[in-house]
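Novice: Just passing along the structure, written as structure tokens.
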Amino acid sequence: METVILFPAIDLKNGQCVRLEQGDMARATVFNLNPAAQAQSFVEQGFEYLHVVDLDGAFAGKPVNAQAVEAMLKTIKIPVQLGGGIRDLATVEAWLDKGITRVIIGTAAVRDPELVKAAARKFPGRVAVGLDARDGKVAVEGWAETSQVTVLEIAKRFEDAGVAAIIFTDIARDGLLKGLNLDATIALADAISIPVIASGGLASIEDVKAMLTPRARKLAGAIAGRALYDGRLDPAAALTLIRNARAA
């Protein structure tokens, strides 16, 4: 369990920190007008790695909330992984140069797998793939479109490519506090050699306990969003569980 990380999520829309329900931009709740302050709050709570998504960027196909991201990078010192609107090598390189630890490629991983492979070769350990599934099929363009390929089909394309992680989101659960889809996430992790991070629906300390069980031993971590903002997940309790699991 030494590699399990709980990532607090900051989703950016119009420069603000929001949470969506099932990826629907019309169902956004604003939780903080100052993303850098929110990032600092997560650091103070003891989190070791931040997960950030430029939601506007995911729809636009290019970075939109760069100012907010750069403000976070100036404010905090923990590693940050960033997704949303990263569709070419120049954007990957620009973000890594600005201090992002790991970029997440989503839509382009489906449309242009060679980009992921080239980026992973050029920046080993610093490129992750975001696979967001609706009924098992991968959704793209900020989840506005559903492709005809399965998560496993896409993930297998990147075996031996040097991809640092697959971030697997169950869209049906995202932002709804229904609990992680651990069955599907574990099945994916067991089928590939790339570390898998669970995303979408984390609701309570029970989800954290479940991801620390022996059957989930291949999971590299999980992303927590609304449960942290709503106060349903106690950060101190969750991080203590993870620390104890690592020590054991």
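Novice: Can you run down the residue pairs with Cβ atoms below 7 Å, 6 or more apart or on separate chains, where the first is in segment 145-166 and at negative phi and the partner is of a type in the set (Gly, Ala, Ser) and surrounded by fewer than 17 Cβ atoms within 10 Å (Cβ to Cβ)?
Specialist: From segment 145-166, the pairs are Thr150/Gly136; Val151/Gly136; Leu152/Ala191; Glu159/Ser193; Ala164/Gly125.
Novice: A further question follows. Does Met25 satisfy the condition of being closer than 30 Å to Ala247 by Cα and modelled with pLDDT under 95?
Specialist: no
Novice: Also, quick follow-up: Are there any pairs, at least 6 apart or on different chains, whose C-beta atoms fall under 8 Å, with the first in segment 62-73 and touching a residue at least 60 places away in the same chain (Cβ under 8 Å) and the second aliphatic (A, V, I, L, M), and if so, which?
Specialist: Listed by first residue and then by second, the contacts come to Met72/Ile10; Met72/Ala36; Met72/Ala39; Met72/Leu50; Met72/Val52; Met72/Val80.
Novice: Further question on the same structure: Kindly indicate which of Ile167, Ile194, Ile171 is closer than 14 Å to Val138 by Cβ and at pLDDT 95 or above.
Specialist: Criteria check complete, one pass: Ile167.
Novice: Failed condition for Val43, given (1) farther than 23 Å from Val208 by Cα; (2) open to solvent by 40 Å² or more (accessible area, probe 1.4 Å); (3) aliphatic (A, V, I, L, M); (4) touching a strand residue (DSSP E or B) at 6+ places or on another chain (Cβ under 9 Å), with all others met?
Specialist: It fails just one condition, (1).
Novice: Further question: Residue under question is Arg121, and the condition is that it be open to solvent by 10 Å² or more (accessible area, probe 1.4 Å), closer than 23 Å to Met25 by Cβ, more than 18 Å from the chain's Cα centre (by Cα) and charged (D, E, K, R); does it hold?
Specialist: No.
Novice: In addition: Out of everything in segment 1-16 that is at pLDDT below 95 and either of a type in the set (A, V, I, L, M, F, W, C) or part of a strand (DSSP E or B) (or both), what residue ends up being surrounded by the fewest Cβ atoms within 10 Å (Cβ to Cβ)?
Specialist: Met1
Novice: Of all residues in segment 92-115 being in contact with a strand residue (DSSP E or B) (Cβ under 6 Å, 6 or more places away or on another chain), over 13 Å from Gly57 (Cα atoms) and modelled with pLDDT under 95, which is surrounded by the fewest Cβ atoms within 10 Å (Cβ to Cβ)?
Specialist: Residue satisfying both the conditions and the ranking: Val110.
Novice: Follow-up. Being under 15 Å from Arg19 (Cβ atoms) and open to solvent by 10 Å² or more (accessible area, probe 1.4 Å) is the filter here, so list the residues in segment 47-64 that pass it.
Specialist: His51, Val53, Leu55, Asp56, Ala58
Novice: Let me ask something additional. Of (1) without any contact (Cβ under 8 Å) to a residue 60 or more places away in the chain; (2) open to solvent by 20 Å² or more (accessible area, probe 1.4 Å), Gln22 satisfies all except one. Which?
Specialist: Unmet for Gln22, out of (1) without any contact (Cβ under 8 Å) to a residue 60 or more places away in the chain; (2) open to solvent by 20 Å² or more (accessible area, probe 1.4 Å): (1).
Novice: Restricting to segment 138-176, count the residues that are buried (at least 18 other Cβ atoms within 10 Å of the Cβ) and small (Gly, Ala, Ser).
Specialist: So the count comes out to 6.
Novice: Among Ile192, Ile197, which is within 12 Å of the chain's Cα centre (by Cα) and either in contact (Cβ under 8 Å) with a residue 24 or more places away in the chain or buried (at least 24 other Cβ atoms within 10 Å of the Cβ) (or both)?
Specialist: Ile197
Novice: Then there's this: Go through segment 215-241 and report how many residues are of a type outside the set (Gly, Ala, Ser), open to solvent by less than 30 Å² (accessible area, probe 1.4 Å) and either farther than 26 Å from Cys17 by Cα or out of contact with any helix residue (DSSP H, G or I) (no Cβ under 7 Å at 6 or more places or on another chain) (or both).
Specialist: 4
The values are calculated or read from the model by the stated rules, or taken from the named source; none is laboratory data. What you see is a predicted model; the values in this text were computed from it and never measured. Quick reminder, even Gly has a Cβ in these numbers, built from the backbone with ideal geometry, and neighbours come from all protein chains shown. Please note that ligands, DNA and RNA were not included when accessible areas were found on the heavy atoms of the full protein model with its side chains. Shrake-Rupley method; radii C 1.70, N 1.55, O 1.52, S 1.80 Å.
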